[in-house]
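Input: a single structure, listed below in structure tokens.
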Amino acid sequence: MKLATWGSRTGAALLFALGVAMSASAQAPAKADATKAAPPAAAAAPAPAAEAAKAPPALAPNSTANIGWNKPPEWSKVETLPQYASVPGRETNVLVEDHGHKWRELRNGPVTSYGGYLLLIVPVLLILFYFIKGPFKLHGAPTGKLIERFNSLERMTHWTVAISFLVLAVSGIFILFGKYFLLPVIGASAFSALTVFGKTLHNFVGPLFMFSLVAMFFIYVKDNFMGGSDFAWLARMGGILSGKEMPSGRFNGGEKAWFWLGTVVLGTVVCVSGLILLFPNWNTGRELMASANIWHAVGAVLFMALSLGHIYMGLATEGAYKGMREGYVDETWAQEHHSEWYADVKSGKAAGDKDKGMAAQPAAGDD
Amino acid sequence: MARMKFICDAERCIECNGCVTACKSEHEVPWGVNRRRLVTVNDGLPGERSISVACMHCTDAPCMAVCPVDCFYKTEEGVVLHDKDLCIGCGYCFYACPFGAPQFPQAGAFGLRGKMDKCTFCAGGPEANNTEVEFKKYGRNRLAEGKLPACAEMCSTKALLAGDGNVIATIYKQRVATRKKGPEVWGWKMAYKEDGNIAAAEVKS
């Protein structure tokens, strides 16, 4: 009991003494500094405010600070620049990202409107053309003798590219145009479910398309080098309008143009931009992703428009679809549509199994 | 009807990150997502200023304009909300937003991002107010409870103001007139266009 009282009294006395000492040192800090420290420390003592205002610190190179002690930055100049942010993540330190606005205007503007018109006008024109011209029929009678036009590897590659292209085209159309023509019809929930499915399909079929497109390039490139006759073919549209088809090798000028413009140029644009968009885990910035999206959409719309022409030719030309599906064309077909190739096959210069007779595909178990 | 807006007074913000923490805690925001963040301009230099940034609930919201499935909607109070059930996780709102508000819980290969998450102005989502479902997807619906956003309520220096645009603009104008500096309302020009520089006239007079 006694000990405790003594303890508390001594404690209070000690605290009091400490308090006095502290206030004393607080009252005369400058004096203590001056007596104890060397001259440089004395110079560092607080200078008068007016003197400080005269000499604000020099700015570091590329600094966006305003000269002066406490002037706010010029917001319009700094808000798009990377600054400091304690929250981690890509670009969290940027106040305003102004490329998104340009992306929005491009995507919701010309890409959607002109892209949409193009994808509406091209099929309409092709249908009109079909009504005027009708299918491209064989002029002569089929001989019944078949020539191998596409081997199984070529066909497999073509159809992998073609089917994945169709999947990508349809799901892509849903993402860019769906909300204008499909959403009002089927409602928000159904459209969202469809688009989630389409988007997932798009993202996983995309790489398949890419690999098969690269394979297609290497498999088909040998017969697609453009020569002088191909430009002549293109200049006269292959004689489609005159009805007198111009001679061509294994592939005509139009097919070669589709190969270089579609498979090579647009294929590269769509695949490279698609890869940028496909991997958000690469921590890509918004500006690059948004511009990749524009390249992707423009490339894809042109690709689809051109593909409609290719599909039209394949379906409207008698025997062409069958040639790609089964691999064989009739000799008459070869002579009429690809006379130079036919001559090469006949002379043995080009591949093409000309020994196939009436039974083009031997039945299973046939010996 | 009140038009809800945010103002961050850069002359007052002390970069304490209280708003960021308040938001995360109030809504139990998914890991990796910060609906609000602080950006410090001229960090460590004379004239350093900090701004608290989140969704500004724009008048002509870019996220809303580019969404392929139209999952965004605007409440009567001008709050931009979205429906996570419709969101397909394409990331377009994230490209379009100038403020970096839309974020995704995942960043996986093959475009797997999960459902977009962003500031709701503490107004929840399309589900019934203050239900378990709503809380899990969008966080607390404080507006329905008659409260203002947690970030602004929590702000220690009242730098962050949230509420009816007219009311908070008046408070801000008063501040600018009293202290005679900091007239520019950050972000308003971009988010609301017409009253982007609301306090400038007050300072000159």
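Throughout, read-outs are computed from the coordinates displayed, never taken from laboratory work. Remember, it's a predicted structure, so these values are computed and weren't measured experimentally. For neighbour counting, all protein chains shown are included, and Cβ atoms are generated from backbone atoms with ideal geometry for every residue, glycine included.
Among A:L277, A:L120, which comes first, second and so on when ranked by fewest other beta-carbon atoms within 10 Å?
Listing A:L277, A:L120 from fewest to most nearby Cβ atoms yields A:L120, A:L277.
Roughly how crowded by other chains is peptide A:167-177, in terms of the mean Cβ count from those chains within 10 Å of each of its Cβ atoms?
1
In degrees from 0 to 90, rounded to the nearest 10, what is the angle of the helix B:165-179 Cα long axis to the longest principal axis of chain B?
Compared with the principal axis, the helix lies near 30 degrees.
Counting partner chain Cβ atoms within 10 Å of every residue's Cβ in B:175-188, what's the average?
1
Could you grab the relative contact order for segment A:99-347? Cα pairs under 8 Å, six or more apart, rounded to a whole percent.
35
When only Cα pairs under 8 Å and 6 or more residues apart are kept, what is the percent relative contact order across chain B?
RCO, chain B: 26 percent.
How far, in nm, would the chain grow between A:K145 and A:N281 when pulled straight, counting 0.36 nm per residue and subtracting the alpha carbon separation?
43.4 nm
Using Cβ counts within 10 Å as a stand-in for footprinting exposure, how do A:I311, A:I186, A:I147 rank, fewest first?
Ranked by crowding around the Cβ, least crowded first: A:I186, A:I311, A:I147.
List the residues whose amide H sits under 5 Å from the amide H of B:H82, counting only those 5 or more places along or on another chain, with H placed 1.01 Å from N in the peptide plane.
Correct list: B:Y73.
Let me confirm one metric for peptide A:85-92, namely the mean number of other chain beta-carbon atoms within 10 Å of its residues' beta-carbons.
That works out to 6 on average.
What ranking of A:Y321, A:Y180 emerges when the number of other C-beta atoms within 10 Å of each C-beta is taken as an exposure proxy, fewest first?
Ascending Cβ contact count within 10 Å gives the list A:Y180, A:Y321.
Say the cut-off is 20 Å between C-alpha atoms; which of A:K199/B:K115; A:K77/B:K118; B:K74/B:K193; A:K222/A:K244 go over it?
A:K77/B:K118; A:K222/A:K244
Report the full-extension gain for the segment A:A232 to A:L125: residue separation times 0.36 nm, less the Cα-Cα distance, to one decimal in nm.
Residue separation times 0.36 nm, minus the Cα-Cα distance, leaves 36.1 nm.
Mind checking the dipole of segment A:125-185: about its Cα centre, +1 per Lys or Arg Cβ, -1 per Asp or Glu Cβ, Debye to the nearest 20?
Here the size comes out at about 180 debye.
For Cα pairs less than 8 Å apart in space and 6+ apart in sequence, what is the mean separation divided by the residue count of segment A:155-234, i.e. the relative contact order in percent?
Averaging sequence separation for qualifying contacts and normalising by length gives 46 percent for segment A:155-234.
Given labels modelled 7 Å from the Cα in the Cβ direction, how far is it in nm from A:K244 to A:E326?
A separation of 3.3 nm, rounded to one decimal place.
Return the FRET efficiency for the residue pair B:Q174, A:N70: r is the Cβ-Cβ distance, R0 is 30 Å, and the value is rounded to the nearest 0.05.
Once rounded, the FRET efficiency stands at 0.90.
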